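First up is the structure itself, then whatever we jot down about it.
Each reported figure results from applying straightforward, stated rules to the coordinates on display, with no laboratory input. Here the structure is a predicted model, which is why all the values come from computation and not from measurement. FYI the Cβ positions are ideal-geometry reconstructions off the backbone, even for glycines, and counts take in every protein chain you see.
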Amino acid sequence: MKKTPDQVCAEARNIKLTVKPLPEDESYVLIEGDKAAFHWLSDLLAAHADFGKDCGFQMAPNGPGNSFFKKGSKLGVYLHRLPCVEKKSSK
C-alpha cells in the first residue's frame, strides 16, 4: 500500500534538513542532511508523486513541517505536481 505524504511525515524520526540559499551562489538552493534525511526526502517525493487527491505539499522552518528543519534553515519547500488537480477539477 502506498503512503501519503502526511503518512511519510508522521512516521519520520529524527529527520532534519537545512534548506537555504547556497552562500557561494544564491541562485542555488542548498538542501543538506544526513543519509536518513535524504532517504526520507526521497520517500516524501515518491509519496507526493503518487498522491492523487492533492497536487501541492508544503513544509517550512516557520510553518507546517517545521520539525524537519535544522536551525538556520531559511527556506521552505513547496512541491507541486503537474497537471494541477485544481485546474483539472475546474474544467
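Dipole of the chain (Lys/Arg Cβ +1, Asp/Glu Cβ -1, origin at the Cα centre): which of 66, 48, 21 lies farthest to the positive side?
After comparing all options, I get 48.
Could you work out the helix-only [θ] at 222 nm for the chain, with each DSSP H run of four or more residues adding -39,500 (n - 2.57) and the total divided by the number of residues, to the nearest 500 deg cm²/dmol?
-9000 deg cm²/dmol
Using R₀ = 30 Å, calculate the FRET efficiency as 1/(1 + (r/R₀)^6) where r is the Cβ-Cβ separation of residue 13 and residue 87; round to 0.05.
Working: r = 36 Å, r/R0 = 1.21.
The computed FRET efficiency comes out at 0.25.
Once amide H atoms are built 1.01 Å from N in the peptide plane, which residues 5 or more positions from residue 69, or in another chain, come under 5 Å H to H?
Amide H to amide H, under 5 Å and 5 or more residues apart or across chains, residue 69 pairs with 17.
So what are the three principal axis dimensions of the range 5-89 from its Cα atoms, in whole Å, longest to shortest?
41, 30, 21
Going by C-beta contacts inside 10 Å, put 85, 77 in order with the fewest on the left.
Working: 85 16, 77 19.
Fewest-to-most ranking of 85, 77: 85, 77.
Defining a contact as two alpha carbons under 8 Å apart and six or more residues distant in sequence, what relative contact order in percent does the chain show?
Once divided by the residue count of the chain, the mean separation gives 32 percent.
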